[in-house]
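Here is the structure we will look at.
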Amino acid sequence: MDTLPFDQPDPHLLQELEELRSQINYHNYLYNTLDQPEISDYEYDLLFNRLKEIELTHPELITPDSPTQKVGAKPSERFQKVQHPVPILSLSNGFGPQETMEWYRRLVRLDAEVEKADFLLEPKLDGLTVVLHYENGVFRLGATRGDGQIGEDITSNLRTIPSLPLRIPVKPGITAPEHIVFRGEALILKEDFTKLNAELEAKGEKTYLNPRNTAAGSLRQLNPAVTAKRPLKLFIYQILSSSEPIPESQADILDYIANLGLPVDSIRWHAKDIHEAIAICESQTTERHKWPFEADGIVIKINDQSLFNRLGYIGKDARGAVAYKYPGEEVETILLDIQNNVGRTGVITPLAILKPVMIGGVLVKQATLHNFDFIAEKDIRLGDSVLVKRAGEVIPYIMASLPEKRDGQQLPYSPPETCPSCASELVKDPEAVAWYCENTNCPAQLNRTLENYASRAAMDIAGLGEKIVIQLTEAALVKSIADLYTLKKEDLLELDKFGDLKADNLLRAIEESKSRSLQHLIIGLGIHGIGEVSAGDLAKQFKNLDSLANASTDELQNIPGIGPNTAQSIAHWFAQEQNKKLLESLKSYGVWPMIEDEPQSDTPKPLAGLTFVITGTLPSMSRDEAKSLIELHGGKTSSSVSKKTDFVLVGADAGSKLQKALELGVPTISEDDLRQML
């Protein structure tokens, strides 16, 4: 039997459908973004109901970017991971004029052109950072910032935000790039937050403490219908990547984003130099309380994007911008108790337990007391009235006690002599204020040690997170790092929520960790004072753990960045009997990475004298692996593109570094090209 063709919709109907969507998108933009509606609610409802009527009759014509699809349907099982096209950088802080000027002077020393720079200032929005992907003008993907490299897919939740256009451009006469990725902030305005809590209180439901946490929690709901009930707003302030040239100044970027129809914060200032920028920040110290949203500072950005990008970044902070932070609020409350916590490296940290008090919209119940010397020097006593300060996202801390308010019931505090977790005798660090527990099998310390060992920066054991670590230690299956390599499938299957697949995956990840580099293992050991950079330097110098364990403090101090205290810390760690046994066990289980000495050769290395920059996701290796490969063959790598760069190694979803290379005429190569060069 012949197959009958599907009925083709009337061309006039298709035209009406497109016009309805365009009109509704435009009026959504006027109402939700600009707060300047041109039609009544009744007229809007007529348009929207007609669109729903057509889509109900012709469901095959429903598209993901239709205004009727604002609320996602099915709740997600879990959040998928999303690789960002470029690193999502953070900001360094400048608390007041002096620290901000120090930031500026550092930039001038790096690049004299900074002295000629002008600045754009924007409020430091206190919400949840989001990354928005548009393809051919259609919103396709939205993610959280995550760790700056990988975020969580919250596309369905973002679709529910009224001010987020599902299709751009919203304004007629504007063309959207084929591909563009934005960065912005999702937040709740102060007025909307007050209304939300009033409605919840009227219903007898639990109210929220502050707009920031409410916004973040709303977007990380598994059910988009819950997100849709929260009064979320969006402000977009950065273009991360685009198929079209990006405007050359931050001011023009904001105007460009607004012209596409995306929401942009209207509060901003332009400063001709750093002195004017600081003066503006100072003038807003009290005025900021009139802003419609919570903010604890102003972001000062170099307006010239070419200069901004040339300055690059340090760690996870963009060099070309700084957050001018305002002083946090100080409040008075009662110190009820002091709790002592055991850190990953055994350091004992005192924590103040407070009579709950509101600071800047946050209910504070705990605060840091820094260390035991601080408690003694400030004569802080149990039951004291104390001043507590919180600045922005900084953990609340005790500033001082108020002795004049004592009534004789306050008790002097004595530091503990034994570990609060394992009762081992505590040791005082002779070069610092810290007291610490030397027992590496201390239960509190063990959990944190295992989490660090399994982290991505260390041995990268996928699936071994905090909850599973607790399961393993509570079941006494793991009493040290080395015990991970003795785990059996039948042991794991006895644990709650462990099936065949989950057990196999964890065991496979543990086995794969044996192939990690010496640098990663050193990080995983959790030696006090050793981070990623120093671990890499130690690995390059000593080649294996035997040599490192036998190194003298003098040999250790010959490594740049390793001072007397750190050298002593390393030597002390390797001298401990329990740590020697740990290393013996790891070695017996095949966890013993080594760096082989390179054979001497008169033949010059193929990449000698060449500088590379790596961007994007490579087909068969990570960026770290590519960096190691380049350096192994005599090349150097850099984090930023300049005229001195010889090649830019480009992978999928390359970002601004590729754009910079094209602007400067720096040659670009693929992974295959690199291998041919070798």
Show me, bin by bin at 5 Å from 0, the whole-percent P(r) of region 254-324 based on Cα pairs. 3, 13, 20, 21, 22, 16, 5, 0
Order of 659-671, 245-257 by packing, highest average Cβ count within 10 Å first? 245-257, 659-671
Based on the Cβ-Cβ distance of H633 and Q409, what FRET efficiency does E = 1/(1 + (r/R0)^6) give at R0 = 56 Å, to the nearest 0.05? 0.20
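For I595 and D496 in one chain, what is 0.36 nm times their gap in residues minus the Cα-Cα distance, to one decimal in nm? Walk me through the intermediate numbers first.
Working: separation 99, 0.36 × 99 = 35.64 nm, distance 3.99 nm.
Gain on stretching I595 to D496: 31.6 nm.
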Classify region 262-413 as rounded, prolate or oblate from the Cα gyration tensor: take a ≥ b ≥ c as the square roots of its eigenvalues, call it rounded if a/c is under 1.5, otherwise prolate when a/b beats b/c and oblate if not. prolate
So for region 358-517, averaging the separation of alpha carbon pairs under 8 Å that are six or more residues apart and normalising by length, what relative contact order in percent results? 14 percent
What angle, in degrees between 0 and 90 and rounded to the nearest 10, separates the Cα long axis of helix 190-202 from the longest principal axis of the Cα atoms of the chain? 90 degrees
Whole-Hz Karplus couplings 3J(HN,Hα) for region 643-657, θ = phi - 60° and coefficients 6.51, -1.76, 1.60, Gly and Pro as x, run 5, 7, 6, 8, 9, 10, 7, 10, x, 5, 6, 5, x, 5, 5
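Kirkwood hydrodynamic radius, region 611-677, all distinct C-alpha pairs: what's the number in Å?
Numbers: mean 1/r = 0.0859 Å⁻¹.
Its Kirkwood hydrodynamic radius stands at 11.6 Å.
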Treating each Cα of the chain as an identical point scatterer and ignoring solvent, apply the Debye formula and state log10 I(q)/I(0) at q = 0.06, 0.12 Å⁻¹. -0.44, -1.61
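How would you order 273-285, 488-500 from highest to lowest mean count of nearby Cβ atoms within 10 Å? Show your work: numbers first, answer last.
Values: 273-285: 17.2, 488-500: 11.8.
Going from most to least packed, we get 273-285, 488-500.
How long are the semi-axes of the equivalent ellipsoid of region 329-412, defined as square roots of 5 times the Cα gyration tensor eigenvalues? Whole Å, largest first. The partial results should precede the final answer.
Values: eigenvalues 71, 64, 22 Å².
Value: 19, 18, 10 Å, ordered largest first.
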Would you kindly calculate the translational diffusion coefficient of region 138-219, applying Stokes-Einstein with the Kirkwood radius from alpha carbon pairs, for 4 °C and a viscosity of 1.567 mPa s, and quote it in µm² s⁻¹ without decimals? 86 µm²/s
Restricted to the chain, the DSSP antiparallel beta bridge percent, nearest 5, is 85 percent
Can you tell me the order of 528-538, 403-413, 331-341 when each peptide is scored by its average per-residue count of other Cβ atoms within 10 angstrom, highest first? 528-538, 331-341, 403-413
Can you tell me the orientation of helix 500-512 relative to the chain, as the angle in degrees between its alpha-carbon axis and the longest Cα principal axis, to the nearest 10? 60 degrees
Violating pairs (Cα-Cα greater than 28 angstrom) within the set K605/K657; K365/K502; K52/K190; K540/K580; K543/K580: K365/K502; K52/K190
3J(HN,Hα) from dihedral phi, region 100-113, Karplus parametrisation 6.51/-1.76/1.60, rounded to Hz, x for glycine, proline: 5, 5, 5, 4, 5, 5, 4, 5, 4, 5, 6, 8, 4, 5
Using a basic spin-label model with each label point 7 Å from the Cα along Cα→Cβ, how many nm lie between D504 and K355? 5.9 nm
Amide H contacts under 5 Å for C422, placed H, 5+ residues apart: none
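Would you mind calculating the relative contact order of region 329-412 from Cα pairs under 8 angstrom and at least 6 residues apart, reporting the percent as a whole number?
Values: 176 pairs, mean separation 24.8, N = 84.
Relative contact order for region 329-412 comes out at 29 percent.
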If you take every DSSP beta bridge whose two residues both sit in region 611-677, what share of them, in percent to the nearest 5, is antiparallel? 10 percent
Measure nothing but the geometry: give the 0 to 90° angle between the long axis through the Cα atoms of 41-57 and the longest principal axis through the Cα atoms of the chain, rounded to 10°. 90 degrees
For region 90-325, report the translational diffusion coefficient in µm²/s to the nearest whole number, using Stokes-Einstein at 20 °C, 1.002 mPa s, and a Kirkwood Rh over Cα pairs. 114 µm²/s
For the chain, can you list the cysteines whose C-beta has no other cysteine C-beta under 4.7 Å from it? C281
Using alpha carbon centroids, what distance separates region 96-166 and region 533-584, in Å? 39 Å
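When DSSP beta bridges are limited to those with both residues in region 329-412, what percentage is antiparallel, rounded to the nearest 5?
Details: 25 of 26 bridges.
Rounded to the nearest five, the antiparallel share is 95 percent.
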Compute from the Cα atoms of region 443-588 the Rg and the Dmax, the latter being the longest Cα-Cα distance, and quote both in angstrom. 16.1, 51
Over region 562-643, what relative contact order in percent results from Cα pairs under 8 Å that are six or more residues apart? 26 percent
Pairwise label distance in nanometres, S620 with D10, each label 7 Å out on the Cα-Cβ vector: 5.8 nm
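Read-outs: derived from the displayed coordinates by stated rules, not from any lab. These numbers were taken from a predicted model, which means no experiment stands behind them. Glycine also receives a Cβ, built like all others from the backbone with ideal geometry; neighbour counts cover every protein chain displayed.
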